[in-house]
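One structure is given here, and the rest of the page talks about it.
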Amino acid sequence: MGMMSEFRDFAVKGNVMDLAVGVIIGGAFGKIVDSLVKDLIMPIVGFFFGGMDFSNLFIKLGKAPDGMTTYAELTKAGVPLFAYGNFITVLLNFIILAFIIFMLVRWLTKLKGSINLEAAAPPPAPSEIYLKEIRDALAKK
């Protein structure tokens, strides 16, 4: 039973629970950022680059069946591809995610600085004040 109680203590510690919540929220947040990049940003970037779809930027490294030209078709057929367009999309996704997290941490840091989370130290007790006065008086002699 000793090992089970140790595991229970470990599993319900605050840090482990916080980490689990962070991973779950991070996964959901990652999906939001993926959609932001794929559905909103990449079409705009593609528009400025002449309607280019980054996901279809690749180099075929093997023989492709006749009539297959898109990334999805070639990948499904098992043709080896050097998919640098997909890498560009993932890289933009990372940069946007990193920027959003940076702005969130920056905002929380400013918010934390503007709110005094610690209570003001209570004033010293009268006995402490008297003892300090006596100590200072004795030090002068």
Are there any pairs, at least 6 apart or on different chains, whose C-beta atoms fall under 9 Å, with the first in the stretch 11-31 and more than 17 Å from A98 (Cβ to Cβ) and the second outside any helix (DSSP H, G or I) and modelled with pLDDT of 80 or more, and if so, which?
none
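With the requirement that a residue be touching a residue at least 12 places away in the same chain (Cβ under 8 Å), open to solvent by 50 Å² or more (accessible area, probe 1.4 Å) and within 14 Å of F58 (Cβ to Cβ), what does the stretch 78-106 give you?
Matches in the stretch 78-106: P80, F82, Y84, N86, I88.
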Hey, K110 modelled with pLDDT of 85 or more, basic (K, R), open to solvent by 100 Å² or more (accessible area, probe 1.4 Å) and under 30 Å from I25 (Cα atoms) or not:
yes
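Do we have L92 as touching a strand residue (DSSP E or B) at 6+ places or on another chain (Cβ under 8 Å), on the phi < 0 side of the Ramachandran plot and outside any loop (DSSP other than H, G, I, E, B) here?
Details: touching a strand residue (DSSP E or B) at 6+ places or on another chain (Cβ under 8 Å): no; on the phi < 0 side of the Ramachandran plot: yes; outside any loop (DSSP other than H, G, I, E, B): yes.
So L92 does not fit the description; no.
Return a yes/no flag: does the stretch 125-140 have any residue that is part of a loop (DSSP other than H, G, I, E, B) and among the hydrophobic types (A, V, I, L, M, F, W, C). Walk me through how you get there before you give the answer.
Just the residues of the stretch 125-140 that are part of a loop (DSSP other than H, G, I, E, B), to begin with: 125.
Imposing the further condition that a residue be among the hydrophobic types (A, V, I, L, M, F, W, C) reduces the set to 125.
Within the stretch 125-140 (the criterion being part of a loop (DSSP other than H, G, I, E, B) and among the hydrophobic types (A, V, I, L, M, F, W, C)), the answer is yes, since at least one residue qualifies.
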Matching residues, the stretch 53-77, being in a helix (DSSP H, G or I), modelled with pLDDT under 85 and loosely packed, with under 13 Cβ neighbours inside 10 Å
A72
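The values are calculated or read from the model by the stated rules, or taken from the named source; none is laboratory data. This structure is a prediction, so every number in the text was calculated from the model and none was measured. Don't worry about glycine lacking a Cβ; one is built from the backbone with ideal geometry, like all the others, and counts go over all protein chains shown. Surface accessibility is based on the protein's heavy atoms, side chains included, excluding ligands, DNA and RNA. Shrake-Rupley method; radii C 1.70, N 1.55, O 1.52, S 1.80 Å.
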